[in-house]
Amino acid sequence: MNRKRVGILISGRGSNMSALIAAAKAPDYPAEIVGVLSNRAAAPGLAIAAAEGIATASLAQSKFPSRDMFEDVMTQTLESWDVDFVCLAGFMRILGEDFVNHWAGRMINIHPSLLPLYKGLDTHQRALADGATVHGCTVHFVTPGLDEGAPILQAQVPVLAGDTPDTLSARVLVEEHRIYPEALRLLATGKVGAL
Ligand code: GAR
């Protein structure tokens, strides 16, 4: 099988990254994780990836004169790993148009809400404040508009009485870890495309 090469961008814990790495260990999974790049050197996910024998890189935007230059080096790093696809997994920086356009149709993201609801931050808090009875997560293609690209998969969870942002986020996270590997499988096997 010709497995697609995937790079993952993270900023922190990396639990979605770990779910993708775990899925890619199955011999019949159509993608392999070949590199993990973080914009924070202290991201715990970096050490997890390194312990799995995966190439890692850490690039701080503050060390670059401009966002464009930072993102050019991100692209160079991903291209040095010869990736076919890029997965954003808790990468907490808004990406510029040139970077996004460069990877158009080849870059996906996991977002902790049922898009188009609750784009941006604090999704669990906002769902609770609205009295939502259903919440969830979405894997979608990345386009220049924040959290606006075409959805690939979504999963719903109930909002329960007494939920806090933490309890709700934990329930959503279980679904994130389930649908992200499924969505990458669809992308890697050509069953979904952005255009
Ligand atoms: C996840 O819940 C992911 O959906 C969210 O950050 C968390 C990262 O956790 N992403 C966003 O909010 C993107 N806007 P992880 O590092 O354990 O995967």
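The values are calculated or read from the model by the stated rules, or taken from the named source; none is laboratory data. Model, not experiment: these values are computed from the prediction. We place every Cβ from the backbone using ideal geometry, glycine too, and count neighbours over all the protein chains shown.
Could you look through region 131-170, keep only residues that are surrounded by fewer than 15 Cβ atoms within 10 Å (Cβ to Cβ) and among the β-branched types (Val, Ile, Thr), and pick out the one that is farthest from the ligand (Cβ to nearest atom)? So, considering only residues that are surrounded by fewer than 15 Cβ atoms within 10 Å (Cβ to Cβ) and among the β-branched types (Val, Ile, Thr), the one farthest from the ligand (Cβ to nearest atom) is THR133. Which of the residues that make up region 56-91 are over 22 Å from LEU187 (Cα atoms) and either within 16 Å of the ligand (Cβ to nearest atom) or among the aliphatic types (A, V, I, L, M) (or both)? Those that are over 22 Å from LEU187 (Cα atoms) and either within 16 Å of the ligand (Cβ to nearest atom) or among the aliphatic types (A, V, I, L, M) (or both): THR56, ALA57, SER58, LEU59, ALA60, MET69, VAL73. Within region 54-69, residues that are polar (S, T, N, Q) reach partners that are part of a helix (DSSP H, G or I) with beta carbons closer than 8 Å, at six or more positions or on different chains, in the pairs THR56/LEU46; THR56/ALA49; THR56/ALA50; SER58/LEU46; GLN61/ARG67; GLN61/PHE70. Filtered by the rule that a residue be surrounded by 13 or more Cβ atoms within 10 Å (Cβ to Cβ), within 14 Å of the ligand (Cβ to nearest atom) and either within 18 Å of TYR180 (Cα to Cα) or among the small types (Gly, Ala, Ser) (or both), region 98-118 gives MET107, ILE108, ASN109, ILE110, HIS111, PRO112, SER113, LEU114, LEU115.
Selection of strands (runs of 3 or more DSSP E) fully inside region 1-84 by the criterion of at least 2 residues being hydroxyl-bearing (Ser, Thr, Tyr) returns 55-58.
Could we say that ALA43 is away from the ligand (no atom under 13 Å from the Cβ) and touching a strand residue (DSSP E or B) at 6+ places or on another chain (Cβ under 9 Å) here? The answer is no for ALA43. Listed by first and then second residue, the pairs with beta-carbon distance under 9 Å, at least 6 apart or on different chains, first residue in region 112-127 and closer than 17 Å to PHE91 by Cβ, second among the hydrophobic types (A, V, I, L, M, F, W, C) and in a loop (DSSP other than H, G, I, E, B), are LYS119/LEU146; GLY120/LEU146; LEU121/MET92; THR123/LEU117. Could we say that ASP82 is touching a helix residue (DSSP H, G or I) at 6+ places or on another chain (Cβ under 7 Å), touching a residue at least 12 places away in the same chain (Cβ under 8 Å) and surrounded by fewer than 14 Cβ atoms within 10 Å (Cβ to Cβ) here? Considered against the rule, which asks whether it is touching a helix residue (DSSP H, G or I) at 6+ places or on another chain (Cβ under 7 Å), touching a residue at least 12 places away in the same chain (Cβ under 8 Å) and surrounded by fewer than 14 Cβ atoms within 10 Å (Cβ to Cβ), ASP82 comes out as no. Among helices (runs of 4 or more DSSP H) entirely within region 95-195, having at least 2 residues that are more than 14 Å from the chain's Cα centre (by Cα) and under 29 Å from GLU79 (Cα atoms) singles out 97-102, 165-188.
Of the candidates LEU168, LEU184, LEU173, LEU160, the single residue that is closer than 21 Å to ALA31 by Cα and modelled with pLDDT of 95 or more is LEU184.
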